[in-house]
Amino acid sequence: MAVGLVLTACGSKNDSGSGGTSTGASGSQAPTSNLKIGLAYDIGGRGDQSFNDSAARGLDKAKSELGFSIKELEATAGETDAQKEDRLRQLAEGGYNPIVAVGFAYATALEKTAKDYPDIKFAIIDSVDPAADNVANLTFAEQEGSYLVGVAAALKTKTNNVGFIGGVNVPLIQKFEVGFTAGVKAVKPDATVQAKYLTQPPDFTGFNDPAKGETAAKGMFDAGADIVYAAAGGSGAGVFKTAKANGKLGIGVDSDQYNLPSLADVKDVILTSMIKEVDVAVYDFITSVKDNKFAKGNKVYDLKAGGIDYATSGGKLDDIKAKIDDYKAKIISGEIKVPSTK
Amino acid sequence: MRNRTARSILLGVAAPVGALVFAALVCALILAVTGHSVGDVVDAMSTAAQRPRTLVNSVNSATVYYLAAVAVAIGFRMKLFNIGVDGQYRLAAMLSAALAGAAFMDSVPSVLRIAMTVVAAMLVGAAWAGLAALLKVTRGVSEVISTIMLNSIATYLVSYLLNPARLAVTTAGSNNIGTRKITEGGQVAGFEVSGSSTKVFGLVLLAVVVGFLYWFVLSRTRFGFELKATGLSESAAVASGVSVKKMVVISMLLSGAVAGLVGMPQLLGSSYTYSLDFPPGLGFVGIAVALLGRNHPIGMMVASLLWGFLDNAANSLDISGVPREIVLIMQGVIVLSVVVAYELVRRYRVRAEQQAVGSALGRTKPLEEVSA
């Protein structure tokens with residue numbers, strides 16, 4: 001039956017197109033109120049308490065401040081590149097411009113889609129691929145922020161033993177571990193850094209499973225750690241819960257988790273957070289398109305450019321803030337080069 | 001006799017069709033309760049059904065689902081539940097991708113290179129399933145438990161191997177990691193469809209061949225007869241001289257070999273590398289499709305096309321404002337209602353046959369077996 005449908009559908013050419021958007025942002029001053037923003041999430045979508053949510057915050061800000069209309073589409077676990085590509089193309093066909101793809105998993109799909117829609121501006125988070133005239137690659141130097149929270153952990157640990165919990169064992173999260181370890185060792189070369197990942201790909205539940213975070217953190221505290229860095233999205237809530245139950249400390253990730261309403265119960269054990277402002281990157285990208293200042297290529301958000309930082313909410317770092325800022329200045333000046341791979 | 005056949009076919013069709021109708025009603029109810037318009041869904045679905053790209057993607061998804069379903073069905077026919085298709089295909093796809101992408105393969109002639117890749121995948125899949133078979137025949141371990149565990153082990157094994165120090169390569173600045181990309185000689189070209197930016201997998205033909213072989217072996221060979229006999233009644237099979245242990249090992253190896261093929265259309269037709277975004281979970285889709293298609297070569301084809309279309313229509317639903325999760329609900333309800341419908345039909349059939357036997361008892365015709 002479907003074969004018949006394929007055949008009858010041949011000939012209609014509503015698929016490969018050159019955009020055909022009503023907004024037409026190719027240089028001319030587009031009326032900004034007509035901008036329709038499309039956003040394609042990675043698995044988890046809005047509500048993952050991790051980087052999808054962060055992207056959603058940027059989108060919401062653009063929506064409320066600039067009055068754009070938005071369309072958000074989500075990914076399903078187990079889908080193929082073709083399905084991701086279809087999602088981007090449907091946004092493009094629907095006249096959405098600009099379009100933001102959240103997550104490196106969209107790289108291949110975006111490469112194929114962007115080619116056919118030269119008039120639409122695309123952004124992809126966390127990926128330097130694809131390189132195209134109408135694609136902005138928004139990437140982050142997570143290792144730098146992780147280095148600073150590593151410094152903080154090393155200065156605060158009493159047991160000379162700290163932990164790192166990664167959500168899923170992928171290169172992106174390994175960057176957090178490498179930076180964190182380097183930061184700890186820079187202050188205390190003899191300190192022990194325990195590292196554990198909650199799940200292995202393609203099982204991405206490690207980003208959203210507080211129970212797993214709880215168990216892993218308990219193991220680290222039992223093994224002598226007194227501070228654990230949770231680079232594990234929504235699973236971090238479990239890490240903080242265990243930290244509170246055991247009188248230990250945790251370090252948050254992505255946003256300033258001390259100030260998150262959902263973590264208000266456990267905020268007194270959050271030493272600091274490694275801030276990765278995906279929301280700022282998304283918002284900046286949208287405004288750049290609106291102001292006709294779109295810039296293609298890789299934009300790195302690091303300590304120097306902003307978008308990566310460490311949080312001081314809660315005042316637990318007041319006594320050592322000067323020392324951490326010292327390291328921060330050295331990273332910005334290039335005196336300290338933070339590794340990103342093992 | 002012709003009447004009986006016609007009724008049998010009718011009953012066979014009644015179950016899946018009834019289940020589909022029931023599933024559609026349940027979904028309509030859920031949509032109504034959650035405040036979405038059923039009309040919107042129908043609109044979005046029919047828009048999707050007219051878009052060449054969605055149809056091509058549906059056929060491609062169906063190709064992969066079909067292979068997974070056949071792998072599961074081979075086990076089902078033996079009363080073996082191979083839940084490990086998922087681990088088998090992922091491990092097979094990863095290792096054969098590493099082989100096909102290896103530098104020394106660049107100089108191998110295209111056809112040979114593709115054949116080597118596919119055979120390697122079958123061997124890996126068979127070997128991984130073979131572990132479960134060995135555990136079953138030597139230690140009596142249920143294949144349900146062992147294959148689930150082997151799925152988990154496969155995940156860790158793939159993670160371990162997918163490392164720059166071992167079988168993977170990374171590109172600077174990329175957050176992805178995968179095996180070396182298979183160069184053009186190792187790729188399988190697809191079929192162009194006008195109006196679609198994606199091509200139909202060349203290996204759709206592989207699925208057709210596998211489906212044909214499945215049918216042929218099961219219904220036209222002695223081995224197929226023995227396999228089905230063992231599945232229906234182990235003691236009867238033993239009595240007629242069939243070695244059950246041998247059958248378990250062979251059918252698990254075959255199931256695993258077909259499972260090894262599951263990743264091939266995607267790997268050689270689109271991805272060209274096994275990386276973090278290689279689709280997982282296809283083995284579980286295979287179980288659902290095999291159930292829906294009743295392990296029948298044509299039934300599973302219809303089921304996989306339906307599944308593929310539903311999956312690929314999800315984006316259209318999403319963009320029209322209907323939550324894409326409705327597709328998952330629909331698929332779940334379809335499987336559940338199919339299982340229930342088959343059971344109802346089976347009971348009806350048994351009762352009808354008993355009545356037929358009862359009324360025939362008065363006459364001198366031989367009794368027909370009351371089949372389950």
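A few remarks follow.
- Boolean, A:Phe176 is crowded, with 24+ Cβ neighbours inside 10 Å, within 14 Å of another protein chain (Cβ to nearest Cβ) and at pLDDT 95 or above: yes
- Those residues of segment A:310-320 which are of a type outside the set (Val, Ile, Thr), at negative phi and either under 14 Å from the mean Cα position of the chain (by Cα) or part of a loop (DSSP other than H, G, I, E, B) (or both), in sequence order: A:Ala311, A:Ser313, A:Lys316, A:Leu317, A:Asp318, A:Asp319
- With respect to the conditions (1) hydrophobic (A, V, I, L, M, F, W, C); (2) touching a Lys or Arg at 6+ places or on another chain (Cβ under 7 Å); (3) facing chain A (nearest Cβ under 7 Å), B:Leu276 lacks only one, and its number is (2).
- Among residues of segment A:59-73 that are at pLDDT 90 or above, those with a Cβ under 6 angstrom from a residue that is surrounded by fewer than 18 Cβ atoms within 10 Å (Cβ to Cβ) and not β-branched (Val, Ile, Thr), sequence gap 6+ or separate chain, pair up as A:Ile70/A:Lys63.
- Test: residue in segment A:94-109 that is within 27 Å of B:Ile319 (Cα to Cα), in contact with a strand residue (DSSP E or B) (Cβ under 7 Å, 6 or more places away or on another chain), surrounded by fewer than 24 Cβ atoms within 10 Å (Cβ to Cβ) and more than 9 Å from every other protein chain (Cβ to nearest Cβ): yes
- Helices (runs of 4 or more DSSP H) wholly inside segment B:162-269 containing at least 3 residues that are in contact with a Gly (Cβ under 9 Å, 6 or more places away or on another chain): B:204-220, B:244-261
- Every condition in (1) in contact with a Leu (Cβ under 9 Å, 6 or more places away or on another chain); (2) within 23 Å of A:Leu73 (Cβ to Cβ); (3) buried (at least 24 other Cβ atoms within 10 Å of the Cβ) is met by A:Ala132 except one, and the failing one is (3).
- Qualifying residue in segment A:180-200 (condition: within 14 Å of chain B (Cβ to nearest Cβ) and not in a strand (DSSP E or B)): yes
- Meets criteria (in a helix (DSSP H, G or I) and either surrounded by fewer than 21 Cβ atoms within 10 Å (Cβ to Cβ) or at pLDDT 95 or above (or both)) for A:Phe164: no
- Residues within segment B:233-270 that are in contact (Cβ under 8 Å) with a residue 12 or more places away in the chain and either in contact with a Pro (Cβ under 6 Å, 6 or more places away or on another chain) or over 18 Å from B:Val141 (Cα atoms) (or both), tallied: 16
- Within segment B:57-72, restricting attention to residues that are of a type outside the set (Gly, Ala, Ser) and at the interface with chain A (Cβ under 7 Å from one of its Cβ atoms), the residue that is farthest from B:Met301 (Cα to Cα) is B:Asn57.
- Selection within segment A:37-89 - part of a helix (DSSP H, G or I), among the polar types (S, T, N, Q), over 19 Å from the mean Cα position of the chain (by Cα) and buried (at least 24 other Cβ atoms within 10 Å of the Cβ): none
- Matching residues in segment B:279-293 - criterion: being more than 12 Å from every other protein chain (Cβ to nearest Cβ) and assigned to a loop (DSSP other than H, G, I, E, B): B:Gly293
- Taken as a whole, the structure places A:Asp226 among residues that are away from every other protein chain (no Cβ under 14 Å), closer than 14 Å to A:Ile165 by Cα and either of a type outside the set (Val, Ile, Thr) or out of contact with any helix residue (DSSP H, G or I) (no Cβ under 9 Å at 6 or more places or on another chain) (or both).
- Screening A:Leu271 with (1) within 26 Å of A:Ala186 (Cβ to Cβ); (2) assigned to a loop (DSSP other than H, G, I, E, B); (3) not small (Gly, Ala, Ser) gives one miss only, at (2).
The values are calculated or read from the model by the stated rules, or taken from the named source; none is laboratory data. Note that this is a predicted model, so its numbers are computed, not measured. Cβ coordinates were reconstructed from backbone atoms using ideal geometry, including for glycine residues, and neighbour counts include every protein chain displayed.
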